[in-house]
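Visitor: Below you will find the structure I want to go over with you.
A short reminder: the numbers here are calculations on the coordinates, not readings from a lab. Just so it is clear, the model here is predicted, and its values are computed rather than measured. Positions of Cβ are generated from backbone atoms using ideal geometry, with glycine treated the same way; all protein chains shown enter the neighbour counts.
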Amino acid sequence: MTAVQTDWWYPDWEPRLEGAVDGHTQAWIYAPADSPLHDWLAGRYAPINNHEFDGWRLSGWDTR
């Protein structure tokens, strides 16, 4: 499990998310439904599953 913050006061989150995904066959993100983390993965990998829970989303991605 890796936490990747997207708040403005953290360093750029894209390289951190890319590093967290590297070397794994799947990535699962639990974040607010409008989080850019979901969109970043959607632009690069095939979806496995997607569930919404009161404004939060659990999204799974095939990162092979």
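Visitor: Can you tell me which residue in segment 9-35 is surrounded by the most Cβ atoms within 10 Å (Cβ to Cβ), limited to those that are touching a helix residue (DSSP H, G or I) at 6+ places or on another chain (Cβ under 6 Å) and among the small types (Gly, Ala, Ser)?
Guide: Only one residue tops the list, namely Ala27.
Visitor: Then there's this: Assess whether Ile29 counts as being among the aliphatic types (A, V, I, L, M), free of Cβ contacts under 8 Å to residues at least 24 places away in the same chain and assigned to a strand (DSSP E or B).
Guide: Working: among the aliphatic types (A, V, I, L, M): yes; free of Cβ contacts under 8 Å to residues at least 24 places away in the same chain: no; assigned to a strand (DSSP E or B): yes.
No; evaluated as a whole, the condition is false for this residue.
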